[in-house]
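Enquirer: Please read through the structure below; I'll follow up with questions.
We did not get these values from a lab; they are worked out from the coordinates using the rules stated. Here the structure is a predicted model, which is why all the values come from computation and not from measurement. Here Cβ is always computed from backbone atoms with ideal geometry, including for glycine, and neighbour counts include all displayed protein chains.
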Amino acid sequence: MSERMDMFFIPAKEGYIKIYVYGFLHDSSWGQVFTEYNGLTVVVKGYNRKKTIIRSLTKMHESLLKLKRDL
């Protein structure tokens, strides 16, 4: 069984937002999305590839806002 992996790098002011997408081989198969930015990592699982990537970026944004609010 071969596992599919895609990587996306989005430039930001303080580095890159790195998105690693694993799985999603078939329409009904699930996968995982890992999003990294400045040492913070978010993991999201799902069945729809595009929605899972968006959920991962949303979760990363919420985590960054929470960190900023706590400082």
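Enquirer: Assuming 1.002 mPa s and 20 °C, estimate D for the chain with Stokes-Einstein, Rh taken as the Kirkwood radius over Cα pairs, in µm²/s.
Expert: D, rounded to a whole number, is 168 µm²/s.
Enquirer: Just to confirm a number: summing +1 for Lys and Arg and -1 for Asp and Glu over residues other than residue 9 whose beta-carbon lies under 15 angstrom from that of residue 9, what do you get?
Expert: Its environment carries a net charge of -1.
Enquirer: Shifting gears a bit: For residue 26, put the label point 7 Å out on the Cα→Cβ axis and report which residues of segment 33-51 keep their amide N under 18 Å from it.
Expert: It comes to 46-49, nothing else.
Enquirer: Does anyone have the angle between helix 49-70 and the longest principal axis of the chain? Alpha-carbon axes, 0 to 90°, nearest 10?
Expert: Once rounded, the angle reads 20 degrees.
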